[in-house]
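Structure, as structure tokens:
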Amino acid sequence: MTVPYQLSEGRVLRAADVDLADPAFWRLPRPVRLRAFALLRELEEPVLFTPRAGTARTAGKPFHALVRHADVRTASRTPQVFASAPGVTTPEPAGWAKALFGNSMVNMDGPEHAALRRIISRRFTPRLLAEAEENVARLAGRLVDELIAERPRDFMPSAASRLPLEVICDLMGVPAAYRARIAEQIDHASEHVGVERRGRARLRIPGRGLASLARMQFVMGRLARERRRHPEDDLVSALVNADIDGEALSGRQLGAFFSLLLVAGVETTRNAIAHGLFLLDRHPEQRELLQSDFDRYIDGAVDEIVRHSTPIIQFRRTVAEECALGGRTFLPGEKVALIYASANRDETVFTHPDRFDITRSPNPHLGYGGGGPHHCLGAHLARLEMTALFRELIARRPVMRDLRDPDLVDSNFDNRVGSLPFTFGPTFT
């Protein structure tokens, strides 16, 4: 970092001040980081960031930051050039961890990724999705009823977290007796994502919750064995029993998929829900518009919430072959960071990108990835969950009032909400 981020009054932030490899950058207020991304987008080519001595363990190898919408989208759609293997997070998953827990789909490329995604995608049948939509609506209503009855002071541990967890567990066929333990392991597996506020000033990164992942793998391995012997009408049974082409997931593959679905699906969706609730609270004209005709505006509202909040800040890619992109030539072995949080504020694509507007159209945000083979497999499910919960919360809006600013967890990986305090209004139902 060339100058301190604690800029004196009147000093203007410059592109030369920005260092995405420095943990201090990710402790900055989010508006300052968004301004920094805007400065990087103005440059002629992607900037190379190199971790300083003492931060390499957490910041990883030198990387070029792709900050423009077009560059992130192109890299996402050319996996033969910008590969997900050996890993999309920092540090990259160790070989022994992949051998023990199985490799996650997000870290795969080519035929290996295509085969695994095909097995999973084919199990998401129209009937399963229709049943999931009905179940999501029922769950959302029950959770808001419980919110009113229990009167918590923080939205995050209640409906925001419980809805995506319950939906995924219902879909997979996870018995109720397993769920409390699984919820605890999700929290442990994801608690090291971000930047510590106190103690040692080091970046906290994904991949340290291996013990929690192991416990989830154990639970799913036991469930897979049960479903092979006694199949039921659930996704686990469909995934572990061979279809007409003889394709099925092994126990280890199921565990890796379930861990991805839970840690990624629960975290990202609960954060999007929390950001969305806060945005609608702070923009009453948008909330009133949504309330005036929910079915007309909810699809646009969900897209705008995802664009504006961008639950996943970045993923990494490894250059597999020489190519030109964004004004420079990349060489094999180089690392790039796809900065979705910057791409979703690109002023060449989005008019008034900092404005929250549920009528924004078109809205080609990259909140679910930039397309291509790694487009978020759970995007449809996340939309269903957000739609169902906002329908309940908007209809019974007086229940929640005086939302305070969310407590954001400093992170270089996800836009995570630690807590969202609120008070209760009249219990209208």
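The values are calculated or read from the model by the stated rules, or taken from the named source; none is laboratory data. Being a predicted model, the structure only gives us computed values, none of them experimental. Surface accessibility is based on the protein's heavy atoms, side chains included, excluding ligands, DNA and RNA. Shrake-Rupley method; radii C 1.70, N 1.55, O 1.52, S 1.80 Å.
Quick notes on this one:
- C-alpha center-to-center spacing [region 299-356, region 363-413] in angstrom: 18 Å
- Descending semi-axes in whole angstrom, ellipsoid equivalent of region 88-150, from the Cα gyration tensor: 35, 20, 8
- Anisotropy class of region 210-302 from Cα gyration tensor, a/c 1.5 cut: prolate
- Mean-square fluctuations from a GNM of the chain, with a 10 angstrom spring cutoff on Cα atoms, peak among Pro362, Pro51, Pro332 at Pro362.
- Working note: Cα gyration tensor of region 107-185, eigenvalues times five, square-rooted, sorted largest first, giving semi-axes of 30, 16, 11 Å.
- Relative contact order (%) - criterion: Cα under 8 Å, at least six apart; region: region 315-359: 30 percent
- Rounded, prolate or oblate (a/c below 1.5 giving rounded, otherwise prolate when a/b exceeds b/c) for region 346-390 by Cα gyration tensor: oblate
- The relative contact order of the chain, computed from alpha carbon pairs under 8 Å that lie at least 6 residues apart in sequence, is 23 percent.
- Largest accessible area first, the residues Glu44, Glu321, Glu92, Glu166 order themselves as Glu44, Glu321, Glu92, Glu166 under a 1.4 Å probe with ligands, DNA and RNA left out.
- Radius of gyration and maximum dimension Dmax of the chain, Cα, Å: 21.5, 69
- Region 338-429, Rg to Rh (Cα coordinates; Rh as Kirkwood inverse mean 1/r): 1.01
- The orientation-averaged projected area of the convex hull spanned by the Cα atoms of region 278-367 comes to 6.8 nm².
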